[in-house]
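One structure is given here, and the rest of the page talks about it.
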Amino acid sequence: MYSKTVVTAAALVACLTTGAFAQAPALPAVPLLQAVSPDGYTKLSIDQRQFYVAGALDTDRVLFEQTKPLFAACLQGITIARATEIVDRGLTTLEPMLRSSMPIAVHNALLMDCDRRGFKSS
């Protein structure tokens, strides 16, 4: 059984400075991004968006263990490029509260896609 967790802004404030981006080495072609707003995210290059989604997923994995089994099953075989497409599409359909910051939007867009594809959480 999976536990559905919709994340709020207060729950992810710390991850903007202590998450995967603080630990990941900067790639020469992709600047290291510490915080991105939903509006700013859409202006990033595809490489930067993929890097951001990868870091947000890494942070999500550490901070939200209750969604770890759901995402492990649902995202198995999904590339970062595909996850980024899901997030990009999800930004246009998520309610404003569910996309109040980019780490929240990444989590919730992927969670909603998993639910839509039949990976139900309890």
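Please treat every number below as a calculation from the coordinates, not as lab data. These figures come from a predicted structure and were not determined experimentally. Please note: Cβ atoms are built from the backbone with ideal geometry, for glycine as well, and neighbour counts cover all protein chains shown.
What ranking do 106, 62, 87, 36 get, fewest neighbouring Cβ atoms within 10 angstrom at the top? Don't skip to the answer; put the middle values down first.
On the way: 106 29, 62 14, 87 26, 36 21.
Least crowded to most crowded, the residues run 62, 36, 87, 106.
So how far apart, in nm, are the two label points at residue 80 and residue 58 if each is 7 Å from Cα heading toward Cβ?
Label at residue 80, label at residue 58, 0.8 nm between them.
What are the ³J(HN,Hα) couplings of region 48-65, residue after residue, when phi is run through the Karplus curve with 6.51, -1.76, 1.60 and θ = phi - 60°? Round to Hz, x for glycine and proline.
Running phi through 6.51 cos²θ - 1.76 cosθ + 1.60 with θ = phi - 60° gives 5, 5, 5, 4, 5, 4, 4, x, 5, 5, 5, 5, 4, 4, 7, 7, 10, 4 Hz.
Set the Förster distance to 41 Å, then compute FRET efficiency between residue 42 and residue 68 from the Cβ-Cβ distance, nearest 0.05.
Given R0 = 41 Å and the Cβ-Cβ separation, E is 0.90.
May I ask you to sort 102, 112 by Cβ crowding, counting other Cβ atoms within 10 Å and putting the fewest first?
Working: 102 26, 112 17.
The order, fewest Cβ neighbours first, is 112, 102.
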